[in-house]
Amino acid sequence: MTQLILASASKSRGDLLRGAGLNIETIPADLDEEIIKAEGLPVVETAIKLSKAKAAHISKHYPQAYVIGADQMMECDGLRFDKPTSREKAREQLQFLRAKTHHLISAVSLYKDNDCLWSHHQMAELEMRRFSDAFLESYLDQIGNDVMTTVGGYRLEEMGVQLFNRIEGDYFTILGLPLLAVLAFLRSRDMIDK
């Protein structure tokens with residue numbers, strides 16, 4: 001049986017893959033993402049490079065396994081955003097995004113024997129509504145520390161959906177993994193049933 005490893009601690013990505021019926025093991029890639037982010041590459045290239053670095057890091061230790069690396073970046077008005085590190089940072093970020101359109105870029109790479117077999121990225125466009133400060137405080141109270149677990153400070157599959165007017169793009173991409181593309185690649189390699 002093919003060993004499939006997700007090089008991530010992301011519960012959301014693991015849940016997506018398991019929900020699609022894949023038997024995966026999760027082994028987080030222990031690498032300093034800030035080194036790659038500091039290179040100043042465009043947002044899309046940064047997301048792709050991070051997904052490759054994560055997969056390559058785990059593939060070195062598990063050469064016979066197929067290793068999935070993934071990353072998600074967010075940009076708005078030419079600025080790149082990372083996961084907020086506190087409630088205050090999340091508030092500032094969401095206030096900046098309010099009534100604006102931002103983009104989520106989800107990249108995925110698949111490695112075997114420390115060789116990149118495939119890499120892919122997808123983008124989604126999200127327009128936040130002009131929510132009130134009172135709503136924002138209520139939202140932050142309800143979401144709690146989860147606000148620091150996603151690059152946007154929201155979970156679209158939960159209360160975060162109330163922040164938006166319009167969303168264009170693949171739902172799974174917004175959750176952090178272009179799942180349909182991953183499944184298509186795995187089918188093309190006869191790793192899952194066609």
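Values quoted throughout were computed directly from the atomic coordinates according to the rules given, and no laboratory measurement underlies them. Small disclaimer: the values here were computed from a predicted structure and weren't measured. Glycine also receives a Cβ, built like all others from the backbone with ideal geometry; neighbour counts cover every protein chain displayed.
Extension gain, residue 45 to residue 114: 0.36 nm times the residue separation minus the Cα-Cα distance gives 22.9 nm.
Checking the cross-link pairs 37/60; 37/194; 60/100; 11/100 against a 32 Å limit on the alpha carbon distance flags 37/194; 60/100 as lying beyond it.
Principal-axis analysis of the Cα atoms of the chain puts helix 179-188 at an angle of about 10° to the longest axis. Within the stretch 106-153, the trypsin sites (Lys or Arg not before Pro) that combine a DSSP coil assignment with at most 16 other C-beta atoms in a 10 angstrom radius are 129, 130. For the chain, the Stokes-Einstein estimate of translational diffusion at 4 °C and a viscosity of 1.567 mPa s comes to 75 µm²/s, using the Kirkwood hydrodynamic radius over alpha-carbon pairs.
Of the residues 28, 70, 16, the one whose Cα sits farthest towards the positive end of the charge dipole of the stretch 10-165 is 16 (charges of +1 on Lys and Arg Cβ, -1 on Asp and Glu Cβ, taken about the Cα centre).
Any idea which of 151, 56, 5 is furthest toward the positive side of the dipole for the stretch 4-188, if Lys and Arg beta-carbons carry +1 and Asp and Glu beta-carbons -1? Positive-end residue among those listed: 5. Spin-label model, residue 89 to residue 23: label points 7 Å out along the Cα-to-beta-carbon direction sit 3.9 nm apart. In this simple spin-label approximation, residue 127 and residue 194 carry label points 7 Å from Cα along the Cα→Cβ vector, and these lie 4.2 nm apart. Spin-label pair residue 64-residue 142: with each label point 7 Å from Cα along the Cα-Cβ axis, the two points sit 4.9 nm from one another.
Normalised by residue count, the stretch 62-147 yields a Cα convex hull volume of 118 Å³ per residue. Computed from the C-beta positions of residue 134 and residue 15, the FRET efficiency with R₀ = 25 Å rounds to 0.20. Once the Cα-Cα distance is subtracted from the 0.36 nm per residue extended length, the residue 165 to residue 82 segment shows a gain of 27.7 nm.
Relative contact order of the chain, taken over Cα pairs closer than 8 Å and 6 or more residues apart, is 21 percent. With R₀ set to 22 Å, the beta-carbon distance separating residue 149 from residue 103 gives a calculated FRET efficiency near 0.65. Under the criterion of Cα pairs below 8 Å and six or more residues apart, the relative contact order for the stretch 1-103 equals 27 percent.
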